[in-house]
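Contents: one structure, followed by commentary.
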Amino acid sequence: MSRKYAKFIEANRDMLIEISNKIWEFAEIGLEEYKSSELLIKTLKDAGFTVETSVADMPTAFVASYGFGKPVIAILGEFDALPGLSQVAEPIKKPLKEDTPGHGCGHNLLGVGALGGVLAVKEAIDAGDAKGTIRFYGCPAEERFNAKGYMAVKGLFDDVDITLTWHPFFLNMLNAMSAMALNSVVFMFHGRTAHAAGDPQNGRSALDAVELMNVGVNYLREHVIPDARLHYVITNGGKVPNVVPEYAEVWYFIRAPERRLVDEIYERVIKIAQGAALMTETELEIDFLGGLYNHLHNETVGNVIMSNMRKVGPPKFKQEDIEFAKEVQKTISPGWIDGYTRFIPPDFMEFAMSILSQPLNKIILPVIGKGKTMPGSTDVADVSWVTPLGEFQTACSAMGSPGHSWQNTCTAGMSIGHKGMLTAAKVLVYSSIEFMNNPELVEKARKEFEKKTKDNPYKSPFPEGFKIPFDRLKKLTGNLS
Ligand SMILES: [Zn+2]
């Protein structure tokens, strides 16, 4: 029965590819994805979905719903690009438009794969092949802000039974791995200016405070768990050497494999910042930009996704795709493979290497990486603590393409990315229909979720009264993942 809906996606492939290419060209960065979200909203409205726009205080966030009653299945869609990654759809580094954003994480594919999925589920509901509610969550700014976590705070996932999501990658796999929890924080120091040669004794350097704070944090590294990560950049260190800087700021990411560990380390980093302020007679101000959870894998949802990935099969790449991928691979450092081998069990190494040495992934991988933590972070993780959630990846890029790279932007705008995207849409509709027709599966996923969160419930990383710091986020163009 589900095959009918794979056919529906194939019948709509041109439309879906066109939307994906438009979003790829818009290449709008987080919280500024006006055209991208508008196009998705229009498509969903035209298809008969009810759309609530500008949800959770974000102008580009939305929720589109179709159907009624239980279960409520949520599919997450992202559409933000990354600064500086503009790239033509060719296997040589060449920006489409110099120094502008590009879809170096393939979120144009992510959003439209999700769109294809929900449109097909709507067909199934109309045909009486599925019952319940299907929702598309228009999630902005995955790269820049914990938009999904903020949507969770606002209660947008409260009645959701199952959440499904995917991400473009170079492998076809179920993501059974966790991700790093994180805090993104700016520490600002206010001192007193003076001429650095004329009357330095009257100055109180804010930059000294930043530097002393960094020294303190670098000593702290020795006394936190080895898997924690502390990284910083000085986003304001004064203007000229002959003026004692009255203002300086440093932007930190604090990461650890579990949320509570981030909280603990963050408290210690704050003490160091306070110490630096005390030493330099400056004043400290803290701007908390956002926090993320580690990822909670739901096995029940994962198993449903996995069986449907097998039913759908991997993307069918053509010889020209393979040739294209080989060209892309010439630009990738061979060292990329080292980063992946640590997730591979020893008895699986030979098989894994035979796949990783290909230009494109042409099979569905068995489940690997359970109990491991991938070194990046994502706001999908926050949703995994408020609803049972499963995530998978499909091959949308050349094997070994680095995350957030021009190589990803290029394949996200041509047939390799499109094939991965359509495969994902099919897995999403198959899995949604399976949950919609099996209340006992929904119940099983919920029970598992409750068991895993009972003693450790989600506590939003956003402090009470938090307001999205739009201006600050626009100024700091970096990304969290
Ligand atoms: Zn991404």
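The values are calculated or read from the model by the stated rules, or taken from the named source; none is laboratory data. Keep in mind that this is a model prediction, so the values were computed, not measured. Positions of Cβ are backbone-derived with ideal geometry, glycine not excepted, and every protein chain shown enters the neighbour counts. Accessible surface areas use protein heavy atoms only, side chains included; no ligands, DNA or RNA. Shrake-Rupley method; radii C 1.70, N 1.55, O 1.52, S 1.80 Å.
Worth a mention:
- The selection criterion, being among the polar types (S, T, N, Q), assigned to a loop (DSSP other than H, G, I, E, B) and within 16 Å of the ligand (Cβ to nearest atom), does not hold for Thr387.
- Pairs, first farther than 19 Å from Tyr34 by Cβ and open to solvent by less than 10 Å² (accessible area, probe 1.4 Å) in the range 102-115, second assigned to a helix (DSSP H, G or I) and within 11 Å of the ligand (Cβ to nearest atom), C-beta under 7 Å, six or more apart: Gly104/Asn408; Gly106/Asn408
- Residue list for the range 80-123, restricted to those being away from the ligand (no atom under 16 Å from the Cβ) and of a type in the set (Asp, Glu): Glu90, Glu98, Asp99, Glu123
- Within the range 331-384, the set of residues being within 16 Å of the ligand (Cβ to nearest atom) and open to solvent by less than 50 Å² (accessible area, probe 1.4 Å) comprises Gly376, Ser377, Thr378, Asp379, Val380, Ala381, Asp382, Val383, Ser384.
- Just one residue in the set Glu285, Glu222 is surrounded by fewer than 21 Cβ atoms within 10 Å (Cβ to Cβ), over 30 Å from Lys370 (Cα atoms) and not basic (Lys, Arg); that residue is Glu285.
- Out of Ser405, Ser401, sole residue that is more than 30 Å from Arg446 (Cα to Cα), buried (at least 22 other Cβ atoms within 10 Å of the Cβ) and not aliphatic (A, V, I, L, M): Ser401
- Residue in the range 124-147 that is within 16 Å of the ligand (Cβ to nearest atom), in a helix (DSSP H, G or I) and either in contact with a strand residue (DSSP E or B) (Cβ under 7 Å, 6 or more places away or on another chain) or open to solvent by 10 Å² or more (accessible area, probe 1.4 Å) (or both) present: yes
- Residues of the range 16-42 classified as over 19 Å from the mean Cα position of the chain (by Cα), among the β-branched types (Val, Ile, Thr) and either surrounded by 20 or more Cβ atoms within 10 Å (Cβ to Cβ) or farther than 17 Å from Val121 by Cα (or both), total: 2
- Residues considered: Lys426, Lys459, Lys452. Of these, the only one that is modelled with pLDDT of 90 or more, part of a helix (DSSP H, G or I) and more than 15 Å from Asn308 (Cβ to Cβ) is Lys452.
- Taken together, the criteria exclude His231 from residues that are surrounded by fewer than 12 Cβ atoms within 10 Å (Cβ to Cβ), of a type outside the set (A, V, I, L, M, F, W, C) and without any contact (Cβ under 8 Å) to a residue 12 or more places away in the chain.
- Candidates Lys372, Lys311, Lys318, Lys326, filtered to the one that is charged (D, E, K, R) and closer than 30 Å to Val153 by Cα: Lys372
- The range 63-89, subset of a type in the set (Val, Ile, Thr) and over 17 Å from Ile19 (Cβ atoms), residue surrounded by the fewest Cβ atoms within 10 Å (Cβ to Cβ): Val88
- The sole residue among Leu174, Leu182 that is within 16 Å of the ligand (Cβ to nearest atom), within 28 Å of the chain's Cα centre (by Cα) and crowded, with 23+ Cβ neighbours inside 10 Å is Leu182.
- Count of residues meeting criterion [open to solvent by 30 Å² or more (accessible area, probe 1.4 Å), within 11 Å of Met213 (Cβ to Cβ) and of a type outside the set (A, V, I, L, M, F, W, C)] in the range 247-282: 2
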